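Have a look at the structure below, then the notes.
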Amino acid sequence: MSKLETTLEFYLEAYKLPKPVTEYKFHPKRRWRFDFAWPDKKLAVEVEGGGWVNGRHNRGQGFANDMEKYHEAMDL
């Protein structure tokens, strides 16, 4: 779990919000997972990280892959 994910988990607990499922696999065929999910609410959270750190989520192909994942999640 990344530092940002750990921080989010801390605040979820501090505010006594429902405990999420972590690394929730949501797609029947792909190996996609959400960082945090509340499946009964159909709610998911992805922690993307910083916008200027040149991480995987910020580069062209990584961003396009994330959009495919989010689109499939909405269709389901």
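The values are calculated or read from the model by the stated rules, or taken from the named source; none is laboratory data. Bear in mind that the values here come from a model prediction, so they are computed numbers and not experimental data. Please note: Cβ atoms are built from the backbone with ideal geometry, for glycine as well, and neighbour counts cover all protein chains shown.
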Look at D40 and say whether it is modelled with pLDDT of 80 or more and exposed (fewer than 10 other Cβ atoms within 10 Å of the Cβ).
yes
Members of region 36-49 found to be under 14 Å from L76 (Cα atoms) and in a loop (DSSP other than H, G, I, E, B), listed by number:
K42
Give the residues of region 2-35 that are assigned to a helix (DSSP H, G or I) and of a type in the set (A, V, I, L, M, F, W, C), sorted by residue number.
L4, L8, F10, L12, A14
